[in-house]
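Only one structure is covered here, and it is reproduced in the block below.
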Amino acid sequence: MNDAVEANVLPNEDALKAAGSEHLFIHASSYRALANDTSKRILVEGDGAIVKDIEGKEYIDGLAGLWLVNAGHGRQEIADAYARQAGTLAYASSTQATTIPAIELATRLAELTPGDQATAFFCSGGSEAVESAIKIARQYHYFNGEPKRSKIIGRRGSYHGATYGAMSVSGTRPASEPYHSPFMHGVLHASPPYCYRCDFRHSFPGCDLLCADQIEQIINYENPKTVAAVIAEPISASGGIVVPPDGYWARLREICDRHGILLITDEVINGFGRTGRMFASEHWDLVGDIMTIAKGLASGYAPIGAVMCRPHVVEAFEGDNKLSHLLTYGGHAAACAAALKNLEIFEREGLVANSQSMGARLRAGLEGLSDHPCVGEVRGLGLLVGLEMVKDKDSKEKFAEDGPELKTLGEGLAERGLLTRIGGVLPLSPPLCITAEQVDRTVAIIDDSLTEMEAAHGIG
Ligand SMILES: Cc1ncc(COP(=O)(O)O)c(C=O)c1O
């Protein structure tokens, strides 16, 4: 708890909102959003899966902040671990030195991550991890005598971050196109394995994984010797919690291997227990050549991310082959100490197993809502679950993202005490320590809010 909360002397709410509205440029929002957008709140404290706003109203944190407070809110021991290290040595520059927590965290990650991903490059978040992975992949090929291998293949719908390279490989980039194009050169996008809305109007298994084979068609058309990497989330969160069908990952892994292309698995959201396994790759025995991680690594207690590399990747950087990439905050000692404590809690409290069991309960509860006329599909793994909403189940017509129906739904959920993000898919990704009672309450809130929305807009 911060001092103001502890002493119960919160600044005047109206004055805070006025100051915040004037001086705080909130991400992905318009100016003065705090004053003008009723969905913006000032949160003051949290405990487990619950957060409280400045008016004292409590909410279930349905998205764990932004898919990251995996260990839950109010973990004093993570704060203490951070403070201890910050008071001893907060920072050392990677140009001269490293620190004990950085070495310990890299070693722990080598134990936890899939296969032989044994070497960590630290950074301060997911976009930086993706940016770093792209640069490592390109330099890997350069040092291996293939400097023309620079192209990156992403998938439509995926999100890999907001910095230029990460934005460019993201399949959500059409939304940024009016403002930020031209994007990074040499990026191509393939179809996602989104069976509910298959680009090819096929269904699994009759499709024989055409969406994976399309990636090979792109590779062949471009000339395989010009392609550096394929980047993909094992389960795409931004794409709508898209769980690929059986065999997809084995096929894509095999295609990349056959063409000497690196596979970058982006586990920024999927990692750290989110899908009921420590890493989503484990569901398919998948080992990316490079894996990006962030978010749940320190559960939001410190900004930290990393790129995990397999031996054949880092071995390209031996001798004079230096990595041409440096980030000031990479390996921040106090952030590493927070991440280590976070991972200790995961183990002690069995948070990955709780994600699996509470995730199954959440999915079962949401599947029980399928009689609602607007529930199209429920999907996900562990505590990464999505409920896709449609205007009509046969046509699968979508609701407009900024339309009145989703506005009513968003207001209804918040009013009843559930925070999440509203789009065509209602995503749920709460802290992994969520209880059965909180899961059931989440389902009940969604049930009531859907009923309200359907009645208000004459759906069904
Ligand atoms: C899969 C994935 N990769 C990368 C990022 C970028 O992470 P950050 O926002 O920490 O830069 C995100 C953010 O949501 C993400 O979902």
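Just so you know, all these numbers are worked out from the coordinates, no wet-lab data involved. Quick caveat, the model's predicted, so the values are computed rather than measured. Here the Cβ positions follow ideal geometry from the backbone for every residue, glycine too, while neighbour counts run over all protein chains shown.
Each Lys and Arg adds +1 at its Cβ and each Asp and Glu adds -1 at its Cβ; summed about the Cα centre, the chain shows a dipole of about 1100 debye. Taking trypsin sites (Lys or Arg not before Pro) across region 150-221, the ones in a DSSP loop with at most 11 further Cβ atoms lying within 10 angstrom of their Cβ are ARG201. Measuring between alpha carbons in the structure, the pairs from LYS17/LYS341; LYS57/LYS295; LYS57/LYS341; LYS135/LYS225; LYS40/LYS393; LYS17/LYS52 lying more than 24 angstrom apart are LYS17/LYS341; LYS57/LYS295; LYS57/LYS341; LYS40/LYS393. Counting only DSSP H runs of at least 4 residues, each contributing -39500 (n - 2.57), and dividing by the residue count of the chain, the helix-based mean residue ellipticity at 222 nm comes to -11500 deg cm²/dmol. Global dimensions of region 212-362 from alpha-carbon coordinates: Rg and Dmax equal 17.2, 53 Å. Counting only lysines at least 8 places from LYS398 when in the same chain, those with an alpha carbon closer than 24 Å to its own are LYS407. The shape of region 308-414 comes out prolate: with a ≥ b ≥ c from the C-alpha gyration tensor, a/c is at least 1.5 and a/b beats b/c. When you work out D = kT/(6 pi eta Rh) for region 77-349 at 37 °C and 0.692 mPa s, using the Kirkwood radius from C-alpha pairs as Rh and the Stokes-Einstein form, the result is 173 µm²/s.
Pairwise inverse Cα distances across the chain, averaged and inverted, put the Kirkwood hydrodynamic radius at 23.1 Å. Taking the Kirkwood radius as Rh and the Cα radius of gyration as Rg, region 149-288 has a ratio of Rg/Rh equal to 0.94. The distance from the alpha carbon centre of region 306-345 to that of region 128-206 is 22 Å, rounded to a whole number.
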